[in-house]
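Everything on this sheet refers to the single structure shown next.
The values are calculated or read from the model by the stated rules, or taken from the named source; none is laboratory data. Note that the structure is predicted; figures quoted are calculated from it, not measured. Here Cβ is always computed from backbone atoms with ideal geometry, including for glycine, and neighbour counts include all displayed protein chains.
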Amino acid sequence: MKKETVTEKDLFAILEILNKIDMKYWLDGGWGVDILTGKQNREHRDIDIDFDANFTEKVIETLTKIGYEVVVDWMPARMELWHENYGYIDIHPLILDEDGSAKQADLESGFYHFEKDYFTKVIYKNREIACISKKAQELFHTGYKLTDVDLADLENLKAIE
């Protein structure tokens, strides 16, 4: 049976691995919401990482070298990988613009656009962690049928000033 939960310890281990690549990246998704709120609010199935697309090959090489296996390949939009000890990670390459904005490929040969205020950094348990902003998280939780987990994340985002 595949590991279906990514713990905070798993998250920190993966962030340390990504830090060694020396690239820009941001935590997104459920862990991104919890980092913004300053506490873990729920269990997480995966880690969502948005990162500088110039490092795509290096990120995939680094993750597979430590034992991750590709389970979904929708590149250049996203790739999901799984590791027996760390669980799932969902990687999203971003094309970074000089003005601080970015874009991510979508599945119809277009792009999602990220304004520069979609990116932030917060202190979480004495670590500075780059993540997607509250504004972006709220926007990313639109345009589809929300699950109970999505609704919980939105409720947790309301607690942030």
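Is there a residue being at pLDDT 95 or above, under 17 Å from Lys39 (Cα atoms), among the basic types (Lys, Arg) and in a strand (DSSP E or B) anywhere in segment 124-136?
Yes, segment 124-136 contains at least one residue that is at pLDDT 95 or above, under 17 Å from Lys39 (Cα atoms), among the basic types (Lys, Arg) and in a strand (DSSP E or B).
When you scan segment 37-76, how many residues do you find that are under 26 Å from Val122 (Cα atoms), part of a loop (DSSP other than H, G, I, E, B) and either within 15 Å of the chain's Cα centre (by Cα) or not basic (Lys, Arg) (or both)?
Here the count works out to 6.
For segment 16-36, what are the residues that are out of contact with any strand residue (DSSP E or B) (no Cβ under 7 Å at 6 or more places or on another chain), in a helix (DSSP H, G or I) and of a type outside the set (D, E, K, R)?
Residues satisfying the conditions are Ile17, Asn19, Gly30, Val33.
Select from segment 124-153 the residues that are of a type in the set (Asp, Glu), closer than 16 Å to Asp28 by Cβ and surrounded by fewer than 20 Cβ atoms within 10 Å (Cβ to Cβ) and list them in ascending order.
Step one: of segment 124-153, the residues of a type in the set (Asp, Glu) are 128, 138, 148, 150, 153.
Applying the additional criterion that residues be closer than 16 Å to Asp28 by Cβ yields 138, 150, 153.
Answer for segment 124-153, where residues must be of a type in the set (Asp, Glu), closer than 16 Å to Asp28 by Cβ and surrounded by fewer than 20 Cβ atoms within 10 Å (Cβ to Cβ): Glu138, Asp150.
Let's see how each residue does on (1) surrounded by fewer than 22 Cβ atoms within 10 Å (Cβ to Cβ); (2) in contact with an Asp or Glu (Cβ under 9 Å, 6 or more places away or on another chain); (3) modelled with pLDDT of 95 or more:
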| residue | (1), (2), (3) |
| --- | --- |
| Thr7 | yes, yes, yes |
| Asp10 | yes, no, yes |
| Ala13 | yes, no, yes |
| Glu16 | yes, no, yes |
| Asn19 | yes, no, yes |
| Leu27 | no, yes, yes |
| Gly32 | no, yes, yes |
| Leu36 | no, no, yes |
| Ile49 | no, yes, yes |
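Here is a list of conditions, (1) of a type outside the set (Val, Ile, Thr); (2) out of contact with any helix residue (DSSP H, G or I) (no Cβ under 6 Å at 6 or more places or on another chain); (3) within 28 Å of Val70 (Cα to Cα), and Glu115 meets all of them except one; can you say which number that is?
Of everything listed in (1) of a type outside the set (Val, Ile, Thr); (2) out of contact with any helix residue (DSSP H, G or I) (no Cβ under 6 Å at 6 or more places or on another chain); (3) within 28 Å of Val70 (Cα to Cα), Glu115 misses just condition (3).
Tell me, which residue of segment 93-119 that is hydrophobic (A, V, I, L, M, F, W, C) and surrounded by 12 or more Cβ atoms within 10 Å (Cβ to Cβ) is farthest from Phe51 (Cα to Cα)?
Phe111
Just to be sure before I move on: is Asn85 of a type in the set (S, T, N, Q), closer than 16 Å to Leu11 by Cβ, in contact (Cβ under 8 Å) with a residue 24 or more places away in the chain and not in a strand (DSSP E or B) in the structure I sent?
Here the answer is yes, as Asn85 does meet what is asked.
Considering every residue within segment 93-112, establish whether at least one is without any contact (Cβ under 8 Å) to a residue 24 or more places away in the chain, of a type in the set (Phe, Trp, Tyr) and in a strand (DSSP E or B).
So far as segment 93-112 goes, yes, one or more of its residues are without any contact (Cβ under 8 Å) to a residue 24 or more places away in the chain, of a type in the set (Phe, Trp, Tyr) and in a strand (DSSP E or B).
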